[in-house]
Structures are given as structure tokens and as C-alpha cells.
Amino acid sequence: MRYLVQPEFRKSIISREIYGNFAEHLGRCIYDGVYVGEDSPIPNRKGMRTDIVEALKAIRLPVLRWPGGCFADEYHWMDGIGPRERRKRIVNSNWGGVVEDNRFGTHEFMELCGQIGCQPYVNGNLGSGTVQEMQQWVEYITCPDESPMANLRAQNGRARPWSLKYFGVGNENWGCGGNMRPEFYADQYRRYQTFVRNYGQNRIYKICCGPGTSEDAPNYEWTEVMMKQAAGMMDGMSLHYYTLPTENWNRKGSATAFGASEYYDTLRHALFMETLIRGHGAIMDRYDPDKRIGLVVDEWGTWYDVEEGTNPHFLYQQNTMRDAMVAAATLNIFNHHSDRVRMANIAQLVNVLQALVLTDGEKMLLTPTYYIFDLFKEHQGATLVESTIHTGRAAQGVPQVSESASVDKDGRLILTMANLSLDQGAPIELLIDQAAMKFENGEILTGQAQAHNTFEAPDNIKNRPFEAVKCSRQADETRAEFVLPPCSAVRLSFSK
Ligand code: AHR
């Protein structure tokens with residue numbers, strides 16, 4: 001298979017935030033997940049699990065979205081500040097009707113982001129919250145001067161403001177965020193965003209609620225209305241798309257027990273992301289030809305039936321090499337569209353949907369999807385370059401190989417490839433055009449499609465060195481040959 005890479009043909013910058021994540025007050029994502037509380041016997045710093053924070057630092061997690069999701073449009077942020085024992089206990093009506101005691105609120109979220117070293121992305125409540133509430137939250141977090149909310153923040157132990165760039169004005173307002181028609185939401189967005197103010201030096205990147213999409217309903221109308229009515233008042237627009245193996249939300253299928261046909265169906269559905277980005281991107285281009293507004297894919301990933309014996313509202317699922325292939329193919333798509341896609345947040349961080357981390361009491365494991373984020377991390381902030389692969393089909397309309405290529409600030413070339421076939425290796429003849437480079441190193445994640453990590457065998461699937469690359473360098477080009485094993489993802493780095 002011929003693979004042509006042209007490092008001199010520079011395209012868009014791959015925004016670091018494409019490698020972002022999402023943590024909602026849902027199931028065991030926050031409580032019994034990343035946040036265990038200061039009194040827990042599980043090693044923690046200010047209540048945040050140290051092992052999870054270290055794992056997220058290792059993949060350079062750039063941005064974390066919180067507090068939802070559907071939870072965001074029922075969340076009243078003042079319930080989650082002040083002494084913990086006095087915080088309001090509410091019902092989490094979206095996710096199982098469990099008691100939410102608000103132990104984890106604004107201060108804790110900012111602490112978590114600080115420990116990880118990532119940007120916070122706060123999603124405001126437009127569905128059931130007031131304009132005043134939204135305005136005051138931004139003031140509370142960011143105002144450096146004497147003000148009612150800055151004073152309240154100081155009373156709660158934080159004199160200095162935090163810096164906050166990303167703010168979402170509602171979530172899924174066409175559904176759980178208020179069942180609004182696009183015209184109605186567009187007007188609401190225009191009104192609410194007016195009061196999302198910049199305090200001091202802080203500059204907010206305002207994210208308008210974009211379409212929820214599926215293959216049957218890509219929802220282009222929503223994007224058209226938002227762009228027509230509110231393009232000048234937004235910096236980004238969200239897009240949500242989940243991958244199911246079937247078209248049936250009531251029988252999504254098991255995360256671990258599936259056959260080849262279901263595997264390829266899942267991949268085919270995941271690859272629909274490309275059609276969505278092109279379709280919504282084309283509408284955005286008509287109103288915003290300079291691509292000022294970012295497409296923010298702030299919920300994506302696989303969604304299966306929950307693991308047997310777990311609360312159906314908690315969305316806890318295992319994570320296999322199939323998920324790793326979905327993640328690799330999707331991240332390659334985002335890289336290729338980084339001129340428009342400025343952020344993406346896989347759902348979700350811990351113990352929910354396509355999680356990077358799973359926990360069981362004090363035990364913790366990193367999923368195959370985590371290792372894909374580790375494999376791809378060198379693309380963060382690098383420049384996309386032209387690349388073309390002459391791939392055939394694996395099966396059921398799924399192309400065999402997915403790829404993307406970038407050049408980082410030191411001139412290193414990073415290639416990420418995934419062989420989506422379950423049974424065919426992919427022999428690659430790589431030509432790096434007009435550049436004499438040497439092979440530096442490579443890594444691979446591979447295994448049977450159903451292979452996954454368990455609390456008993458947490459290192460079953462992980463990245464390993466990949467050195468089987470025959471490389472020859474000429475004056476003005478580089479050639480390399482290697483074989484991608486079936487169901488594998490590979491990262492190769494070349495330097496001058
Ligand atoms: O990620 C789970 C849920 O999926 C989110 O709360 C919601 O926004 C979406 O429908």
C-alpha cells in the first residue's frame with residue numbers, strides 16, 4: 001500500500017484541545033471515580049486520585065469539560081460552593097435519580113484542572129438556569145476586582161480569580177437541555193451570551209450549542225439557524241455524535257462480546273464523523289469562510305449496553321481494541337479537519353462510556369482508548385501536513401487504513417496509522433517526499449478486537465515499541481517499509 005507524505009506541504013495547526021475530555025456528574029465519573037475525597041484511604045491530593053491525575057498528565061490532557069452533559073442544564077453552581085457539609089443535596093434526575101450532595105463543585109473542578117495542568121471548560125446552565133446565574137458564575141470564577149461574586153469567592157477561600165477560557169452556553173438544548181426549536185435556542189443563546197463577560201484580562205471563548213447528530217438525522221438545519229442568527233456572537237459551536245454498533249438505542253450490544261460483523265459496523269458508524277464534519281463544516285463555511293468559528297465536538301465516542309450487574313443509568317462499559325480503533329480513526333479525522341475542528345472531548349473521562357480510565361475501589365486501569373491518546377499525543381499543537389494513502393477496503397465498506405501526519409515545532413514528522421482489518425496485515429511503502437529524514441522511534445497498540453484490560457490483568461493491552469521499520473534516506477526523499485498488523489494502531493516519528 002503506497003503512503004505519500006509531504007512534510008513541506010503544511011496545512012492547519014492541530015489544536016491541542018482536539019485531545020480533550022469530558023467529566024460529567026454521571027454514575028462513577030466524578031464520585032468514586034476521579035474524586036474520592038480527602039479522607040479516602042486511596043492516595044489523593046485534595047480529594048483527587050493521584051494515580052488518575054498522573055495518568056492524565058502523562059497524555060498531556062489539554063482540556064476538561066464539566067459539569068455535563070445533560071447534568072449541566074439542571075446544575076445550579078451556587079449549590080456547589082462554600083463549606084461542603086452545608087452544600088445542598090439535590091436529585092440527579094438525568095442519571096438515575098441518585099442524591100448529588102455537591103461535594104465536588106467549582107473550587108474542586110478548578111483544583112482538578114490545576115493538578116492535571118489542563119484548561120477548564122465550564123458548561124453553563126441555559127435550560128433551567130437564569131441569565132443572572134450564568135453571569136454570576138463567570139464573575140465568580142474570573143473577576144479580579146472588588147465585586148459581589150469575587151468577594152464571595154474570597155470568603156470561600158480563593159482570593160485570586162481563576163483563568164477560564166472555554167464556556168458553553170447550554171448543552172443539547174434541542175433535547176435534555178430544554179427541547180428547544182433552533183430559532184428559540186438561537187434567541188436564548190444571543191441573550192445569555194451577552195452576559196458571559198470578560199473580567200480583567202480573562203477572555204472567554206463562547207461555545208454555542210450545536211447539533212446532536214446521527215446518521216439518520218445529521219441535523220443540518222440546527223447549524224444553519226445558529227450560523228444565520230448568531231455567528232457573530234460565538235467563537236465555537238458544539239457537535240455531538242455517538243457511535244453505536246447498531247441503529248437501535250434499546251439494544252446497543254455488548255462492549256466486549258461481539259463478532260466481526262458488529263466490529264465493522266461499529267467502525268463504519270464511527271467513520272460517519274467525517275461526513276458530519278464535512279456537512280456541518282460546509283454550512284459554517286458559507287457564513288464564516290475564514291473559519292474563525294471552531295467546531296467543538298464536545299461529545300463523541302462509543303456507547304454500548306452497560307456491563308451486567310451495573311446501574312443502567314451509570315453508563316459503565318468496558319473498553320476493547322475495537323474502541324481503540326474507533327478512537328484512532330476518529331482522531332485521524334479530527335487532525336485532517338483541524339482547520340475547522342478546534343476542540344473535541346471524548347465521553348467520558350472515568351467509568352462512563354468510552355472511558356480512558358476504569359476504577360474498582362482502589363484498583364485502577366487504563367483502557368486501550370487511553371493508550372491511543374498516549375500514542376497520538378505528539379500531534380498536539382503540531383502542523384498537519386499533506387498525506388495520502390492508497391488503501392483498499394477491510395470489510396463492510398470500512399477502509400483498511402486510517403492515517404494522519406504532522407510536523408512538530410522541532411521539525412519532527414509524526415505519523416499515526418490504524419489498520420482496521422481484523423485479519424489482514426497492511427504492508428506499507430512510505431514515501432516522505434522532498435525530505436531526508438531518519439526513523440527515530442515507533443510505538444504500537446495491538447491485540448484481538450475483543451481484547452481489553454481487567455483489574456486482574458491491567459497491562460494486557462498497552463503500547464509497546466515498534467521498530468520493524470526499514471528506512472532508507474536519499475538526498476531529497478525518504479522511503480520506509482513496514483507492516484501494520486491486523487487491528488493495530490502505530491505511531492512513527494522521523495527527524496531530520
Ligand atoms: O455523555 C452522556 C450524555 O450524552 C450527556 O449528558 C448528554 O449531553 C448526551 O446526550
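Identify the residue in segment 313-337 that is within 16 Å of the ligand (Cβ to nearest atom) and in contact with a Pro (Cβ under 7 Å, 6 or more places away or on another chain) and, among all such residues, is farthest from GLU403 (Cα to Cα). Before you say what the answer is, go through the steps one by one.
Initially, segment 313-337 is screened for residues within 16 Å of the ligand (Cβ to nearest atom), giving 313-317, 319, 323, 326-327, 330.
From what is left, the residues that are in contact with a Pro (Cβ under 7 Å, 6 or more places away or on another chain) are 319, 323.
Numbers: ASN319: 22, ASP323: 16 Å.
By that ranking, first place goes to ASN319.
Scan segment 166-178 and give yes if some residue there is farther than 29 Å from THR50 by Cα, in contact with a Ser or Thr (Cβ under 9 Å, 6 or more places away or on another chain) and among the acidic types (Asp, Glu), otherwise no.
Yes, segment 166-178 has at least one match.
Can you tell me which residue in segment 18-71 is farthest from LYS363 (Cα to Cα), limited to those that are of a type in the set (Asp, Glu) and in contact with a strand residue (DSSP E or B) (Cβ under 9 Å, 6 or more places away or on another chain)? I'd like the intermediate steps shown before the answer.
First, the residues of segment 18-71 that are of a type in the set (Asp, Glu): 24, 32, 38-39, 51, 54.
Filter again for in contact with a strand residue (DSSP E or B) (Cβ under 9 Å, 6 or more places away or on another chain), leaving 24, 32, 38, 51.
On the way: GLU24: 21, ASP32: 11, GLU38: 17, ASP51: 10 Å.
Looking at residues that are of a type in the set (Asp, Glu) and in contact with a strand residue (DSSP E or B) (Cβ under 9 Å, 6 or more places away or on another chain), I get GLU24.
Would you check which residues across segment 384-403 are buried (at least 17 other Cβ atoms within 10 Å of the Cβ), out of contact with any Asp or Glu (no Cβ under 6 Å at 6 or more places or on another chain) and β-branched (Val, Ile, Thr) and list them?
VAL385, THR391, VAL398, VAL401
Pull up segment 58-77, narrow it to residues that are assigned to a loop (DSSP other than H, G, I, E, B) and closer than 16 Å to ASN94 by Cβ, then point me to the one that is farthest from the ligand (Cβ to nearest atom).
From segment 58-77, those assigned to a loop (DSSP other than H, G, I, E, B) are 59-62, 67-69, 75-76; that's our starting set.
Remaining after also requiring closer than 16 Å to ASN94 by Cβ: 67-69, 75-76.
Details: PRO67: 10, GLY68: 5, GLY69: 3, TYR75: 11, HIS76: 17 Å.
Residue satisfying both the conditions and the ranking: HIS76.
Is one or more of the residues making up segment 406-420 within 16 Å of the ligand (Cβ to nearest atom) and in a strand (DSSP E or B)? Walk me through how you get there before you give the answer.
Of all residues in segment 406-420, those within 16 Å of the ligand (Cβ to nearest atom) come to none.
No: zero hits.
Take the residues of segment 192-209 that are more than 17 Å from PRO144 (Cβ to Cβ) and in contact with a Leu (Cβ under 9 Å, 6 or more places away or on another chain): which is surrounded by the most Cβ atoms within 10 Å (Cβ to Cβ)? Before you say what the answer is, go through the steps one by one.
Of all residues in segment 192-209, those more than 17 Å from PRO144 (Cβ to Cβ) come to 192-195, 205-209.
Going one step further and asking which of them are in contact with a Leu (Cβ under 9 Å, 6 or more places away or on another chain), we end up with 192, 209.
On the way: TYR192: 23, CYS209: 33.
Checked segment 192-209; the qualifying residue surrounded by the most Cβ atoms within 10 Å (Cβ to Cβ) is CYS209.
For segment 338-351, indicate whether the set of residues that are more than 16 Å from the ligand (Cβ to nearest atom), among the acidic types (Asp, Glu) and assigned to a helix (DSSP H, G or I) is non-empty.
Here is the first cut: in segment 338-351, the ones more than 16 Å from the ligand (Cβ to nearest atom) are 338-342.
If we keep only those that are among the acidic types (Asp, Glu) too, we end up with 339.
Those left that are additionally assigned to a helix (DSSP H, G or I): none.
No, segment 338-351 has no match at all.
Enumerate the pairs (first residue in segment 169-196 and within 16 Å of the ligand (Cβ to nearest atom); second residue anywhere and part of a loop (DSSP other than H, G, I, E, B) and aliphatic (A, V, I, L, M)) with beta-carbon separation below 6 Å, excluding pairs fewer than 6 apart on the same chain, so at least 6 apart or on different chains.
If the second residue must be part of a loop (DSSP other than H, G, I, E, B) and aliphatic (A, V, I, L, M), the pairs left are VAL169/LEU126; GLY170/LEU126; ASN173/MET180.
All but one of (1) of a type outside the set (Lys, Arg); (2) farther than 22 Å from ASN21 by Cα; (3) more than 16 Å from the ligand (Cβ to nearest atom) hold for SER93, so report the exception by its number.
Of the numbered conditions (1) of a type outside the set (Lys, Arg); (2) farther than 22 Å from ASN21 by Cα; (3) more than 16 Å from the ligand (Cβ to nearest atom), the odd one out for SER93 is (3).
Going through segment 357-380 one residue at a time, which ones are in contact with a strand residue (DSSP E or B) (Cβ under 7 Å, 6 or more places away or on another chain) and in a loop (DSSP other than H, G, I, E, B)?
Selection gives THR367 alone.
Say we look at segment 34-57 and pick out the residues that are more than 16 Å from the ligand (Cβ to nearest atom), of a type outside the set (Asp, Glu) and part of a loop (DSSP other than H, G, I, E, B); which of these is surrounded by the fewest Cβ atoms within 10 Å (Cβ to Cβ)?
To start, the set of residues in segment 34-57 that are more than 16 Å from the ligand (Cβ to nearest atom) comprises 35-57.
Filter once more, so that each one left must be of a type outside the set (Asp, Glu): 35-37, 40-50, 52-53, 55-57.
Keeping just the survivors that are part of a loop (DSSP other than H, G, I, E, B) gives 36-37, 40-43, 46-47.
Details: VAL36: 21, GLY37: 16, SER40: 13, PRO41: 8, ILE42: 17, PRO43: 11, LYS46: 13, GLY47: 19.
Going through the qualifying residues, I end up with PRO41.
Name the single residue, out of those in segment 210-234 being buried (at least 19 other Cβ atoms within 10 Å of the Cβ) and farther than 14 Å from LEU276 by Cβ, that is nearest to the ligand (Cβ to nearest atom).
Ranking the candidates gives MET226 first.
Among what's in segment 150-168 and is surrounded by 20 or more Cβ atoms within 10 Å (Cβ to Cβ) and in a loop (DSSP other than H, G, I, E, B), pick the residue that is nearest to the ligand (Cβ to nearest atom). First the steps, then the outcome.
Pass one, segment 150-168, residues surrounded by 20 or more Cβ atoms within 10 Å (Cβ to Cβ): 150, 153, 161, 164, 166-168.
Of the ones still in play, those that are also in a loop (DSSP other than H, G, I, E, B) are 161, 164.
Numbers: PRO161: 28, LEU164: 20 Å.
Filtering segment 150-168 for residues that are surrounded by 20 or more Cβ atoms within 10 Å (Cβ to Cβ) and in a loop (DSSP other than H, G, I, E, B), the one nearest to the ligand (Cβ to nearest atom) comes out as LEU164.
Any residue at all in segment 449-469 that is small (Gly, Ala, Ser), free of Cβ contacts under 8 Å to residues at least 12 places away in the same chain and closer than 21 Å to ARG322 by Cβ? So that I can check it myself, show each step before the final result.
First, pick out the residues of segment 449-469 that are small (Gly, Ala, Ser): 449, 451, 457, 468.
Still in the list and also free of Cβ contacts under 8 Å to residues at least 12 places away in the same chain: 457.
Checking which are closer than 21 Å to ARG322 by Cβ leaves us with 457.
Among the residues of segment 449-469, at least one is small (Gly, Ala, Ser), free of Cβ contacts under 8 Å to residues at least 12 places away in the same chain and closer than 21 Å to ARG322 by Cβ, which makes the answer yes.
Bear in mind that the values in this text are calculations on the coordinates, not laboratory data. Quick caveat, the model's predicted, so the values are computed rather than measured. Reconstructed Cβ throughout: ideal geometry from the backbone, glycine too, with neighbour counts over all protein chains shown.
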